[in-house]
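Engineer: Below: one structure in structure tokens.
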Amino acid sequence: MSIYTAEDMVACAGGGVRSIAFVVKGPPTVQKRHVTVWKGRTVPFHFDPSAGAKEKFAAAVRREMVSMGLTVFPYFTDSTALRADLRLFVLPRPKKDLVLGPSPPHLAPNACPFPRGKDLDNLLKFVGDALQGILYTNDTVIVRGGMLEKCY
């Protein structure tokens with residue numbers, strides 16, 4: 001698990017009355033599956049293993065927004081319908097997929113043509129959930145979104 005700082009993670013590209021854009025640097029983080037624990041309990045305890053990473057991400061975004069002079073949180077009101085556009089996720093390849101040596105690195109013959117292991121919906125869920133309270137009260141105000149570019 002990565003430890004993020006505002007400088008590593010978020011570079012705000014601009015803010016305005018009705019828009020905000022930012023770039024997330026570093027390896028993308030996924031929303032992990034919630035865990036239910038019964039051990040020694042009569043009522044189940046539900047645990048979000050991504051909670052700590054989401055809090056660090058939200059804090060980094062908030063610090064960057066404050067540094068830009070944006071101090072009202074959540075940034076958008078509940079009556080604002082939002083569009084979220086995913087521009088790019090770069091997923092690193094496992095080392096086993098590459099052939100290294102004197103020639104330039106290239107894919108191993110048995111390598112999958114694209115990296116595996118991170119579902120796009122879980123990448124989006126992580127960002128959407130983490131920004132609740134910072135950009136919006138609840139991510140249900142996002143009514144439109146799209147994948148504009150994908151890179152491996």
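The values are calculated or read from the model by the stated rules, or taken from the named source; none is laboratory data. The shown structure was predicted, so the numbers you read here are calculated from the model rather than taken from an experiment. Backbone-built Cβ (ideal geometry, glycine too); neighbour counts: all protein chains shown. Calculation scope for accessible area: heavy atoms of the full protein, side chains included, ligands and nucleic acids excluded. Shrake-Rupley method; radii C 1.70, N 1.55, O 1.52, S 1.80 Å.
Engineer: Just to be sure I understand the filter: pairs with C-beta atoms under 8 Å, separated by 6 or more residues or on different chains, first member in segment 121-132 and at negative phi and in a helix (DSSP H, G or I), second member among the polar types (S, T, N, Q) and surrounded by fewer than 20 Cβ atoms within 10 Å (Cβ to Cβ). Which pairs pass?
Structural biologist: Going by the 8 Å Cβ cut-off, there are no qualifying pairs.
Engineer: Further question on the same structure: Restricted to segment 19-54, and to residues that are open to solvent by 90 Å² or more (accessible area, probe 1.4 Å) and in contact with a Ser or Thr (Cβ under 6 Å, 6 or more places away or on another chain), which residue is nearest to L120 (Cα to Cα)?
Structural biologist: Per the stated criteria, the residue is K32.
Engineer: For segment 113-140: of the residues being farther than 30 Å from S79 by Cα and surrounded by 13 or more Cβ atoms within 10 Å (Cβ to Cβ), which is farthest from the chain's Cα centre (by Cα)?
Structural biologist: Only one residue tops the list, namely P115.
Engineer: Being more than 20 Å from N138 (Cβ to Cβ) and out of contact with any strand residue (DSSP E or B) (no Cβ under 9 Å at 6 or more places or on another chain) is the filter; apply it to segment 55-99 and report the residue that is surrounded by the most Cβ atoms within 10 Å (Cβ to Cβ).
Structural biologist: K56
Engineer: Return the only residue of F73, F57 being over 15 Å from F126 (Cα atoms) and among the hydrophobic types (A, V, I, L, M, F, W, C).
Structural biologist: Going through F73, F57 in turn, just one is over 15 Å from F126 (Cα atoms) and among the hydrophobic types (A, V, I, L, M, F, W, C): F73.
Engineer: Another question about this same structure. Of (1) part of a loop (DSSP other than H, G, I, E, B); (2) at pLDDT below 85, A84 satisfies all except one. Which?
Structural biologist: The number of the failed condition is (1).
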